[in-house]
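The values are calculated or read from the model by the stated rules, or taken from the named source; none is laboratory data. These figures come from a predicted structure and were not determined experimentally. Backbone-built Cβ (ideal geometry, glycine too); neighbour counts: all protein chains shown. Please note that ligands, DNA and RNA were not included when accessible areas were found on the heavy atoms of the full protein model with its side chains. Shrake-Rupley method; radii C 1.70, N 1.55, O 1.52, S 1.80 Å.
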Amino acid sequence: MNTTEKISIEKINIRSLKGVPFEVVAEAFLNAFADYGMTLDEESLAAMLRRRGAKMELSFAAFDDEGRIVSFILNGIGNHGGRATAYDTGTGTIKEYRGQGLTDRIFSYSLTHLKQAGIENYLLEVLTHNTPAVKIYSRQGFETVRRLDCYTADNQQALDSLADKANRDIEIREMAVDEAQRCTSFIDFTPSWQNSFDSVRRNPEAFTCLIAYSGGIPVGMGISETAYGDITQVAVDPTHRRKGIGSRLLSELIGHNRIDRAKVLNVDHSCEAMGEFLCRSGFTLSCDQYEMCKPLV
């Protein structure tokens, strides 16, 4: 660390992002992740933060002596597991300020404000191979809740895999998210924060919600954020499985994609049936991560 960096760190000011223009936050976010190979732009970042419930008044950043954001934690606020929860929807530091403990300082600063706002749990996800980050979060009191698997597929490859498995006799209707939520009992595991019905309802126009019917009765449902190929949920009534309904829903959702790849993020690792279904459908495991939680009360 050179003298200039030391002076800058000494003059760091940590505060809430309330009132900070979105374009300023977006610039800091994109700069922080510029060397991570992310393809986000300002529009897609806005969509991501809206879906995840980001609240700038309960998000925090470190500003240098010129007022530039150099490190930040963006928090989504909502309900998870019946408790008021903050969800770390994006933590980053611009390259020249890394390794100086800014994330720890922002996190410590934010805890008081989150508790004052009535937040009971702090939730986040971290890649399992990111050992330094896992150690930091563990040191801060986070405990691993479960392991989540992420899958990707080329659209055409998946459609080819699904072609002879999809049940073409099943009726598929596009419905509102509230109708899809009536099929909650079909889901084998609790959806992660970004895949929850609350997250979908924050920006419902961005999602396609499909329900499969057999004899006029709902037997399956699927939800996708079509602009990003993000298949949020696919579930089939346990009494109607192995009849090609899941394959039909998945192929229909992929057909709605506006990009050439599909992804299914945050599948509970313990749900072996879903992982096997996706692999049979042309998807491959791209990464896995830990869901971690810290009680605040």
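Residue under question is Arg168, and the condition is that it be out of contact with any helix residue (DSSP H, G or I) (no Cβ under 8 Å at 6 or more places or on another chain) and either surrounded by fewer than 21 Cβ atoms within 10 Å (Cβ to Cβ) or assigned to a loop (DSSP other than H, G, I, E, B) (or both); does it hold? Steps first, please.
Working: out of contact with any helix residue (DSSP H, G or I) (no Cβ under 8 Å at 6 or more places or on another chain): no; either surrounded by fewer than 21 Cβ atoms within 10 Å (Cβ to Cβ) or assigned to a loop (DSSP other than H, G, I, E, B) (or both): yes.
No: the conditions fail for Arg168.
Where the second residue is assigned to a helix (DSSP H, G or I) and the first is closer than 25 Å to Ala54 by Cβ and lies in region 167-196, which pairs have Cβ atoms under 7 Å and are six or more apart or on separate chains? Cβ pairs passing all conditions: Val177/Phe197; Val177/Val200; Val177/Arg201; Val177/Pro204; Gln181/Phe197; Trp193/Ser199; Gln194/Arg51.
Please report, ordered by residue number, the strands (runs of 3 or more DSSP E) entirely within region 186-267 with at least 3 residues that are of a type outside the set (S, T, N, Q), farther than 19 Å from Ala158 by Cα and touching a helix residue (DSSP H, G or I) at 6+ places or on another chain (Cβ under 7 Å). So that I can check it myself, show each step before the final result.
Numbers: elements: 207-214, 217-225, 230-236.
By residue number, 207-214.
Just checking, does region 152-164 include any residue being open to solvent by less than 90 Å² (accessible area, probe 1.4 Å), part of a helix (DSSP H, G or I) and under 26 Å from Arg201 (Cα atoms)?
From region 152-164, those open to solvent by less than 90 Å² (accessible area, probe 1.4 Å) are 152-155, 158-159, 161-163; that's our starting set.
Adding the requirement that they be part of a helix (DSSP H, G or I) leaves 155, 158-159, 161-162.
Right, trim to under 26 Å from Arg201 (Cα atoms) and you get 155.
Among the residues of region 152-164, at least one is open to solvent by less than 90 Å² (accessible area, probe 1.4 Å), part of a helix (DSSP H, G or I) and under 26 Å from Arg201 (Cα atoms), which makes the answer yes.
The residues of region 211-230 that are surrounded by fewer than 22 Cβ atoms within 10 Å (Cβ to Cβ) and of a type outside the set (Phe, Trp, Tyr), listed by number, are Ile211, Ser214, Gly215, Gly216, Ile217, Pro218, Thr226, Ala227, Gly229.
Is there a residue in region 222-244 that is over 29 Å from His80 (Cα atoms) and either basic (Lys, Arg) or free of Cβ contacts under 8 Å to residues at least 12 places away in the same chain (or both)? Yes, the conditions are met somewhere in region 222-244.
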